[in-house]
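Contents: one structure, followed by commentary.
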Amino acid sequence: MAILERTDKGAVAHLRMNAPERLNALSDAMLAALGAEFETLSGQPHIRAVILSGAGKAFCAGHDLKEMTAGRQAEDGGKAYFKDLFDRCASVMMAIRTLPQPVIAAPHGIATAAGCQLVASCDLAIAATGTRFGVNGVDIGLFCSTPMVALSRNIGRKQAFEMLTTGRFIDTDRAEALGLINRAVPADQIEAEAEALAEAVAAKLGAAVRIGKEAFYRQIEMPLAEAYAYTSDVMVENMLWRDTEEGISAFIEKRVPEWEQ
């Protein structure tokens, strides 16, 4: 049984973390599987959107604490292992950001610590009503410093800091209000809702979404004038494509565009 299952439906790839007995914790094996699959997807332009979900009763409970405890048995008390672990986790989170395709998280149950980080790292999120989100490492004496990176780039500073310092969970209503998720739907509708969103994205010109995703994240870190200069260049490049010319012509002529990409 694969720890990460992939099912393709047209131009949409559905990845399901499959370690329900561990609440889909980001174990060494899970991180390796996610990293490998994201690398594969980066070279598959026929896939235009990705959905990420978890099997069992939870989306993801964060790092595997049993593995982390075992890592302490090394002569250095686990220092090298922990550094490598958090670096590998960060690489997976950044791989989502650099993946050409938009990634839609479909969390249910709980998304805690690095599991909440995973939701925050995805481009979009459709949650099952009742899902609880938290960066609760502080409850066991471990401040969620790496999850903080993604979380603080999704929601307001004071709200993020409150979650980090209190360990309190938020529900889907609060998560939607803060911008951590796009919306919540009943649990029995989450797969259909995530697929509908993925298909809506996949129906667009793939090259335009790819260049747009990269530009979105690059410009958001830039000063205003630099962001406008950069995105102007991106739009010039985009306008010169054959498929964009075809898309504009089709709109003017009130017909369906015939795209090549």
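The values are calculated or read from the model by the stated rules, or taken from the named source; none is laboratory data. In this text, all values refer to a predicted model and were calculated from it rather than measured experimentally. Glycine also receives a Cβ, built like all others from the backbone with ideal geometry; neighbour counts cover every protein chain displayed. Each accessible area value is taken on the protein alone, full model and side chains, heavy atoms only, with ligands, DNA and RNA left out. Shrake-Rupley method; radii C 1.70, N 1.55, O 1.52, S 1.80 Å.
Numbers at a glance
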{"read-out": "Residue selected from segment 173-186 under the condition in a helix (DSSP H, G or I) and within 18 Å of residue 113 (Cβ to Cβ), by the criterion most open to solvent (accessible area, probe 1.4 Å)", "value": "174"}
{"read-out": "Single residue of segment 230-261 satisfying the filter (surrounded by 13 or more Cβ atoms within 10 Å (Cβ to Cβ) and of a type in the set (A, V, I, L, M, F, W, C)) that is nearest to residue 11 (Cα to Cα)", "value": "259"}
{"read-out": "Residues located in segment 151-163, provided they are of a type outside the set (A, V, I, L, M, F, W, C) and crowded, with 18+ Cβ neighbours inside 10 Å", "value": "154, 159"}
{"read-out": "Close pairs (6 angstrom Cβ cut-off, 6 or more residues apart or separate chains): of a type in the set (Phe, Trp, Tyr) in segment 21-41, part of a helix (DSSP H, G or I) and at pLDDT 95 or above anywhere", "value": "38/95"}
{"read-out": "Elements of type strands (runs of 3 or more DSSP E) in segment 1-110, at least 1 residues being open to solvent by 50 Å² or more (accessible area, probe 1.4 Å)", "value": "4-9, 12-17"}
{"read-out": "Residue ID - nearest to residue 7 (Cα to Cα), chosen from residues in segment 28-70 that are charged (D, E, K, R) and in contact with a Gly (Cβ under 7 Å, 6 or more places away or on another chain)", "value": "48"}
{"read-out": "Any hit, segment 114-122, residues being touching a His at 6+ places or on another chain (Cβ under 6 Å) and either more than 20 Å from residue 25 (Cβ to Cβ) or buried (at least 21 other Cβ atoms within 10 Å of the Cβ) (or both)", "value": "yes"}
{"read-out": "Unmet criterion (only one of (1) open to solvent by 30 Å² or more (accessible area, probe 1.4 Å); (2) not in a helix (DSSP H, G or I)) for residue 148", "value": "(2)"}
{"read-out": "One residue from 200, 215 being in a helix (DSSP H, G or I), loosely packed, with under 14 Cβ neighbours inside 10 Å and at pLDDT 95 or above", "value": "200"}
{"read-out": "Pairs with Cβ under 7 Å, 6+ apart, first in segment 173-186 and in contact (Cβ under 8 Å) with a residue 24 or more places away in the chain, second of a type in the set (Asp, Glu)", "value": "183/176; 184/176; 185/193"}
{"read-out": "So residue 11, is it touching a residue at least 40 places away in the same chain (Cβ under 8 Å) and touching a Lys or Arg at 6+ places or on another chain (Cβ under 6 Å)", "value": "yes"}
{"read-out": "Failed item, numbered, when residue 69 is tested on (1) in contact with a Ser or Thr (Cβ under 8 Å, 6 or more places away or on another chain); (2) among the polar types (S, T, N, Q); (3) under 19 Å from residue 143 (Cβ atoms)", "value": "(1)"}
{"read-out": "Exclusive hit being small (Gly, Ala, Ser), open to solvent by less than 80 Å² (accessible area, probe 1.4 Å) and farther than 18 Å from residue 86 by Cα, set 167, 141", "value": "167"}
